[in-house]
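Working notes for the structure below.
What follows is calculated from the coordinates using simple rules that are stated; it is not laboratory data. No experiment lies behind these values; they were computed from the predicted model shown. Cβ placement follows ideal geometry from the backbone for every residue including glycine, while neighbour counts extend to all protein chains displayed.
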Amino acid sequence: MESTPLAIGQIGMLNGRYILLSRLGYGGFSKVYLGHISGEPTNEVAIKIPRTKKHSTSFRKALDDEVKTMKDSVHEHVVGLIDYGNDGIFSEEGLPD
């Protein structure tokens, strides 16, 4: 699969890092997709893509805070952080069907 930047909502390869399978929904910060990490035989993951490419300082701090909270939260009922990039895109464990 070719690695090209995707328009939000497009399914395929994203930044050479993720394979997007389907859109799950969106929240205050991000749009959320079901996908896989490229080149890794992993289970499905949730991939969060910031809703805006222009990150204000306060928006980036809020993303960083969310990621820090996820890193610090280890519990059987909390999904774990898998990957976080400088572009603000991060992935977390997918939930089983």
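Here each label is just a point 7 Å from Cα along the line to Cβ, and for E76 and A62 those points are 3.4 nm apart.
In this structure the amide hydrogen of Y26, modeled in the peptide plane, comes within under 5 Å of the amide hydrogens of V32, none closer than 5 places in sequence on its chain. The modelled label-to-label distance between T52 and T69, using points 7 Å beyond Cα along the C-beta direction, is 2.0 nm.
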